[in-house]
Structure formats: structure tokens, C-alpha cells
Amino acid sequence: MDTDTKERLPLPGGPAAEWIAFDHEVRRTHHWSYTSPLETPDAVKLCHANGRIREAALRTPSPLLLELVLIRCTDWVPAVREQARRVLAAALADDPAGTVLRLTPLVMRLGRREQGAWALERFEAALDGDRALLGELRGSADPLSRRFAARLTLDAGLLDVRELARLAAGEQDPVTGGLWTAGALAALAADGPDDRAVDALLGGRSPMVRSAGVTALRGAGRTAEAVGHLDDRSGLVRACARWLVRQGGGDPYTVCRERLADPARATPYAVTGFAECARREDAPLLRVLLEHPDGRVRAAAVTGLRLLDTTDIELLRALLDDPSPAVAREVAQSLSASALLLPVDWLMDRIAPERPSHTRRAAYRLLFARGGVAGLRASTELLTDRDPALRTIAAQRVQSMWSPYRQPDLPLRDPEVGALLDRCTHLFSGYVMRQMRARLGLPARPDPSDGY
């Protein structure tokens, strides 16, 4: 094998995408190759554009190239495909466990191809009822392989409800976690409540799993525990908890309000949970929390006031200078709809270089929300800012002002607009800039490329 091919050839058991890319690359680069087959590396022969060369290479395949053999099982040439399948079937017979663990990630991707079902069916047969092998595959780093193993495990009914709940709680992939969760809930419905399984679901890392655990509390006769999940970090879990509290005859609104009776003990998610079921007359309670020492609680209070549609412009305006980035971010979102009511000079002062970065970004968001000359002026000021993130955002927002289908939100024949656009020429092509100026009633500027 030549040095170049060795450098590009993935390792046995390597990522499936790399083997598929290698196959495509070889076929592309050797499409017009007239090199003698005797001088061609084995890996290249298996991917060669000439079907006869591919078929001949499969008669004496290298164990190190089993991934390429698998790819050839989906080949468009019947003779190549049949020979590759004989080789793969022999490998499965000789070492079923090793072959399955090594090739399943690639099988899952090739299974989408027109001829990919054959290998998928063989791997399903090799895994059928094999507890040990399915257990190893469930621990694969490849999400598609874990999904495959989960489906086969559930179809075979190999695990009890506690094992299913434990797998659901620890799974990072949402799809696989959903499979384990559905299996656990089905087992609970069929076999009756199991406290340890429910506890495992309640401790899951995914909101979907925890919400399933909250729902399962009812069947386990533990409805009273739902109040403990009204301040979960996930909105989905909080909604399920509110439903369950109501099913038990309780009032989630009253419980959430009582938790904020002592503002000093408020937590961010308790504030958010209360805001989700609060009424507009509860706004004073949230306003008190705007002075809480914890920035996360203050930010949650701002969010809550927005949910209640009780935006107090003067009250929130003072919080734009809050030392917490989360608070400034939420304030900017809450005030965006009222940006025209805020003083331009006051906002421009807050994008000055000496201000904290989060204050500058929040103020710029409001300036851009105002639109018009104020938004363009602020964007132009930040095009040369020391903060690279602000520079990027400013450039993108200036470019977003232009659309061939609508008039820019800028006054016509305004000399300041013309001067500001002169500072933005590097963001547009000469054609687009001429179109913008023409629409705004501004004289065109000479384009250096035109030879003036």
C-alpha cells in the first residue's frame, strides 16, 4: 500500500463516517486511473470504480479491511455485492461478537442505503437474545448503535423495570433515553408500581425521563411527592408536577406562592415555577425579588414579570446596569418591545468601551430593536470594537438591514445615514451598496473598481 493511501485509511473499528468518506474519495480520485491492478493497494481495489477490480479484491480480503467489505455489501453491482456478503457472513460465523461490535456503527449508516437491509438483518440475527453482546453494544460510544441495541433488547424483553429505568436515567442520547423510558413506563403499567424504578426515573438527567418519573408517581400511590418537583430546573417536569398536584386535589399556585413567602430563601426555579402559574396581581411579589442578592433569582423575577405581561419600563431600565449578565440579558429581552420609549443617548452611553461586556450587549440589543438611525449608528460604532463578538454581531445586523424585498428602516435623504453607510461599505458588494443608497435617496459613491 502506498504512503498516501496508508495515511488516509482509517483504523479498523474507526468511525463509520471515515470509512464511508474513504470509499467515496478513492472512487473519485481513481475513477480515471489506469494503474495496473497488480500495483494497486488492496484498500483501493475494494473501492475502485471498476467493478471487476472490486470483485477480484473480495476473493482474498484482508481482515483489516472488513469495513470496506461491509460497504461492498451495498454495492450497486450484483456480483460484487454477492461476493462481499459471502465474506461478511464468514466473518460473522468465525467471530460473531467481535464482528458485531466492530461493524455495527457502520451497519447502522449503511442500512439506509437501497441494498443495506441485508447486513442489518444479519446483525439483528446475530444479536437475537444474546444478553452479553447486547449489553456490550448498549455501552457503545455510537448513539445509533445504542439505539439499535435498545430496540432489540426491548423487543426481546430481556430487562426488568428497574434495569430499564436505570438505563433511561443515565442515557445521554434523547432518542435512546426515550426508548428506555417508554419501556420502563410500559413495564410499570403491566406489572404494577415499583418504587425503585420510579426513583430512578425521577433522578434522570433528561427532563423527559424525570417528567415520566413524576407521572409515574400517581400509579405508585405517591402523588403527594409531586410538590417536590414544582421547582425542577425543567419546564416540562414542572408542568407534569402541577398536573399531578391538581390530580391529588391540591393547588400548585398556592404551594408555589408559599415557597416565596420568605424572599431570602427563594431559588431561581422556584421563582420561574411560580411565574408559570401566577396571576397579574402577583407582580408585586416578583418585583420584590428584583432586589434579591442572587443574580439568578433576579433574572428569574425579570422573566416572570415578562410572562405576566407586566413590564415596568422604569423599574427594568435600572437593571440594565445589573452586575449579573443573566439579569441584563433578560432585561434586554423584556424591554425590546418598548425600545422606542428608551432614551437613545442613555443607551448609547451603555455601549461605551468602559462598560461591562454584558451591559454593552444588552444595550446594543435595545438600540438595534429601536431600528432607524439609532440602530445603524450603534452598529457602525461597534464595527471596530475591541470585543470580537460585538464586532461580529454588529456586522451581521448591519447586513440584515438590507433586503431586496423591503425598504430599509431608515429616513430618506438623511446626510447622517449616508455618512454611516460610507463606514459600512466593506460589508456589502458595490452593487448592493448602490441599490441601498438609491432607495434611500442618497447620491451614489464612486466605486474604485469602476476606474474613477
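The values are calculated or read from the model by the stated rules, or taken from the named source; none is laboratory data. Model, not experiment: these values are computed from the prediction. Cβ atoms come from the backbone with ideal geometry, glycine included; neighbour counts cover every protein chain shown.
Data overview
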read-out	value
Residue ID - modelled with the lowest pLDDT, chosen from residues in region 1-27 that are among the charged types (D, E, K, R), over 15 Å from LEU64 (Cα atoms) and over 33 Å from the mean Cα position of the chain (by Cα)	ASP2
Qualifying positions in region 366-392 - of a type in the set (A, V, I, L, M, F, W, C) and out of contact with any Ser or Thr (no Cβ under 6 Å at 6 or more places or on another chain)	LEU366, LEU367, PHE368, VAL373, ALA374, LEU376, ALA378, LEU382, LEU383, ALA389, LEU390
Among the candidates ARG196, ARG246, ARG222, ARG265, residue that is free of Cβ contacts under 8 Å to residues at least 12 places away in the same chain, out of contact with any Gly (no Cβ under 7 Å at 6 or more places or on another chain) and more than 23 Å from VAL297 (Cα to Cα)	ARG246
Matching option when the condition is on the phi < 0 side of the Ramachandran plot and touching a Ser or Thr at 6+ places or on another chain (Cβ under 9 Å), among ALA363, ALA395	ALA395
Criterion: outside the structural domain of ALA239 (by TED's automatic domain parsing) and either more than 27 Å from the chain's Cα centre (by Cα) or not in a helix (DSSP H, G or I) (or both) - qualifying residue of THR303, THR310	THR310
Yes/no for THR359 being among the hydroxyl-bearing types (Ser, Thr, Tyr) and either surrounded by 17 or more Cβ atoms within 10 Å (Cβ to Cβ) or more than 30 Å from SER429 (Cα to Cα) (or both)	yes
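Yes or no, residue by residue, for (1) assigned by TED's automatic domain parsing to the domain that holds THR29; (2) of a type in the set (Lys, Arg); (3) at pLDDT 95 or above:
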{"position": "ARG54", "(1), (2), (3)": "yes, yes, no"}
{"position": "LEU64", "(1), (2), (3)": "yes, no, no"}
{"position": "ASP95", "(1), (2), (3)": "yes, no, no"}
{"position": "VAL107", "(1), (2), (3)": "yes, no, yes"}
